[in-house]
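The values are calculated or read from the model by the stated rules, or taken from the named source; none is laboratory data. No experiment lies behind these values; they were computed from the predicted model shown. For neighbour counting, all protein chains shown are included, and Cβ atoms are generated from backbone atoms with ideal geometry for every residue, glycine included. Keep in mind that these areas ignore ligands, DNA and RNA; they rest on the heavy atoms of the full protein, side chains included. Shrake-Rupley method; radii C 1.70, N 1.55, O 1.52, S 1.80 Å.
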Amino acid sequence: MASEYDEHFAFYEQLLYYYTSNRGKIRSRYNDLTRKFLTYNDRDENPSAFLRLPQFEALEMYIFIKEFMNNAQVYEMFNDWRNRRDRFANASYYSVRKGGQITLWDDNTEKLTDTLFKQMKKYRETYPNYIYALTMGLGKTVLMAACIFYEFLLAKKYTRDKRFCHNALVFAPDKTVLQSLREIITFDKTKVVPPEYARVLDSNIKFHFLEESGTTLHTLDDSDFNIVISNTQKIIVKKKRKEDKPADVLFKQGSLLSAVYGGKDNDDDVRDDSSLMDNQRFKKLCRLNQLGVYVDEAHHLFGADLEKQIRSSGAKKTSLRDTINLLAESTSIVACYNYTGTPYVNRQLLPEVVYAYGLRESIWKGFLKDADLKAFENVKSEEFLRAVVKTFWERYGGKVYEGLPPKLAIFATTIAEANDEVRPMVERILADLGVPVSKILVNVGDDKITKNEDIRNFNDLDVPGTQGSEKQFLILVGKGREGWNCRSLFGVALFRSPQSRIFVLQATMRCLRKITDEQLSATVFLSKENYDILDDELNKNFNMDIKDMTKSSADKSQRYKVRVLPPPRLIKLKRIKREYTLMEKGYTAPIDFALEGTDFSKYAAVMYEKDGISHDMSVKEKNIDDLKERIRYSVFSLAGEISRYLNISPILAARIVRECKDGEETVLTAVNKYNEILDDVIIPLIFHAIFEVVSRVKSEDRDLVLLKEPKEGGYYEFSGKPELVVTNNDPQFKPAEVAKSFHADTYVFDSKPEKECFFQYITSDEVRKVYFTGMFTSNQGDLSIQYYDPESRRIRLYYPDFFAEMSDGSYQLIEVKRDDKIDDAVVKAKADAATEMAIQSGVEYKMYAGSLIMKSHILERVSSAVQQQNLFNSEE
């Protein structure tokens, strides 16, 4: 049997694959408020959504685990998935391997998953524990804020639902990261929360920022919607060296204050449970119910040697983990949510990762700056610095991005080195280049060298128009760890090896944070020794090599600048509108709710039991409806609830219930057993009995611009594989063919059938014009069709792949689909909406299967079919 993890297998990839394969069905089971929250943050439905793809995917997985998996522990989800049962009963027999490769489930996979399950279960906590790994620069703090705001919105509406957090405790590993978490307080909630709900949060949330050791936590016992943000040492349960005697407590200086406010910062590890002591802040937290714990830079939780912690039962625990465990014993912890920059520690995949977006993918997909690495061997310090400063100035001197000049961070290992060696050398080098020395900023953590003005300028590096933003050469000591963010940092220089090897990786990554919509390149300057350290640390912490930072071996996508070609292409299509009128019919006859014959098993609470994990026994199901919290309705309160919902007289509502065919007692019994029946059955049937919705279809002409000029930059950016990209300068096209198409200078296709379809149309004499429109969204062009998504139950926008004008003056809207997607419910919904609009507009809508395009001349097949129909008509 396999005894080790397989680096090509990760459960979080299986979770994401399952979710994306069933996204529509899963979302349809969410609360309506949840669907609104997701829609607001989904760029496919809301083009102005704030969250980037990795943040939104992580948020989707967060909600998926919360509402669909009911906060199940990772090992429980994993076991259900590998056995294809419960929620995963319809999971496919395929698994996803590293790089997105899909493979068939085999014996090796079976052995591997069995090993993984045993390890996951052995090292589980008593509460759900999840890890979200998003590399530096992707916005973990914003993601954390969005998750907390989601929790509070749902907790406010569904007060009795134990799945949702009513309070949040946010841990930072050190003071630098603690300051970066202030963004949770200052963040504009309307960027991730619909404005009407953001106001609800503003009126309820109470922030507590524990910055100093002596800060008392002023939360009301049993209160809700508190967000406590703290350095771990402000809350942490610490090691108690010996028991204090009464005289020590009374006379020891500062002991009384320490008993109230907690002792000095000390992150010593806990040795055993008998040596623990808590403080005032810990005790206050124990009096907050339904607490969600959020840990930033969570790799600190697992210690330096995950290997020993995973495999050794006597592994040393971190004091932060013990603090969380003790909180779980003293109050109700919904779950612990850990946010980190990598799913790996020492090449070991953390076992409870549920979502990851790595450094490699972030660079390839343009979410971070690209990086050029330069390593120097056998050079002296001044030679290194001269080459660094000269190269940096040649590459970035005089440039400005978003009002900010690019900056170079030069890291020294000691304060003396920074002030006595690096600073004089940099001043001499800048003088030789004719650059004013006022562009130098020194921040070494010593107030004799770094004054208040320097600190202010350091904090203003990314604030356009300030004195700090004009500083371009930063001489630093110890500022390269988590928590320091500077988007205008374009270079990092590190010559001498620091005491901490991980510092090389942390300092290097500081310059990768993205600025502007275009992916720019930073430059990293290292000694050869530090270069080798960086390569090793990348392998340990990201399971990648330096070469992976600059070139993809699996994904050959490149970024293309796509420019609009004049003149604007205009087309005329019909816009279809439906007007709905609510007509009151009045109550005329008793209503049959048909409660007797309805299957309500979907509302039942069920517990699954397996007697003995090691025994080959079946899983038993047990109904636990008696554990559910339910509202008990009387006839009067039920009538009041119906009246409030439908805005009808409570007297009428009571009469409807009293006169229904099922009988008053049957309705009360069903609703009191399962409250959901009221919303799903009773109210909808009453609505349709006393109201009628009348629909009227209207159409109007619209002049659509196929492609608009970009608002900024003069071009759009797309990623694509070179073999799927064509341009208007492609020599294989004749001038007459180029004139038939290309409203943009570059077309980036998603698949070979799309490209083949374009080639068949542009080279055909039967086609007068053809434009590839599928790559452009609503922000870029007007050609979109509204359709009702049967899975998410929402109105979405659909963008056809091509628009063509034929030589006979007719028009076509064309869609190319994979063969296995032709009969998909969502695809059919798109086709129905497009066909309806096309008929109204006098346009033909065509959908081609990919295999048909690749194996035949589709326009010849169409012409042949038309000729046969004409011949048949003439014979008649």
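At a glance:
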read-out: Any hit, the stretch 29-42, residues being under 23 Å from F367 (Cβ atoms) and either more than 16 Å from the chain's Cα centre (by Cα) or open to solvent by 40 Å² or more (accessible area, probe 1.4 Å) (or both); value: yes
read-out: Matching residues in the stretch 695-715 - criterion: being among the hydroxyl-bearing types (S, T, Y) and assigned to a strand (DSSP E or B); value: S695, S699
read-out: Subset tally (residues that are open to solvent by less than 50 Å² (accessible area, probe 1.4 Å) and either basic (K, R) or at pLDDT below 85 (or both)) for the stretch 361-372; value: 2
read-out: Selection status of F749, among the aromatic types (F, W, Y), closer than 20 Å to P800 by Cα, within 30 Å of the chain's Cα centre (by Cα) and modelled with pLDDT of 90 or more; value: yes
read-out: Residues that are of a type in the set (S, T, Y) and open to solvent by less than 30 Å² (accessible area, probe 1.4 Å), drawn from the stretch 516-537; value: T523, S527
read-out: Qualifying residue in the stretch 169-179 (condition: at pLDDT 95 or above and touching an Asp or Glu at 6+ places or on another chain (Cβ under 8 Å)); value: no
read-out: Some residue of the stretch 519-527 being more than 30 Å from Q812 (Cβ to Cβ) and either of a type in the set (D, E, K, R) or at pLDDT below 75 (or both); value: no
read-out: Pick from the stretch 305-360, criterion part of a helix (DSSP H, G or I) and modelled with pLDDT of 85 or more, ranking: most open to solvent (accessible area, probe 1.4 Å); value: E329
read-out: Candidates R395, R386, R360 - the one that is among the basic types (K, R), at negative phi and within 21 Å of the chain's Cα centre (by Cα); value: R360
read-out: Qualifying residue in the stretch 17-36 (condition: modelled with pLDDT under 85 and over 29 Å from Q780 (Cα atoms)); value: no
read-out: Members of the stretch 785-813 found to be part of a loop (DSSP other than H, G, I, E, B), at pLDDT 90 or above and not charged (D, E, K, R), listed by number; value: Y799, P800, S807, G809, S810
read-out: Matching residues in the stretch 770-807 - criterion: being surrounded by fewer than 19 Cβ atoms within 10 Å (Cβ to Cβ), over 18 Å from V562 (Cβ atoms) and in contact (Cβ under 8 Å) with a residue 40 or more places away in the chain; value: Q786, Y788, D789, P790, E791, R793, R794, L797, M806, S807
read-out: Residue within the stretch 820-838 that is open to solvent by less than 20 Å² (accessible area, probe 1.4 Å) and of a type in the set (D, E, K, R) present; value: no
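Residues checked against (1) assigned to a strand (DSSP E or B); (2) modelled with pLDDT under 85; (3) under 30 Å from V843 (Cβ atoms):
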| site | (1), (2), (3) |
| --- | --- |
| E537 | no, yes, no |
| M544 | no, yes, no |
| M549 | no, yes, no |
| P567 | no, no, yes |
| I571 | yes, no, yes |
| R578 | yes, yes, yes |
| F593 | no, no, no |
| I613 | no, yes, no |
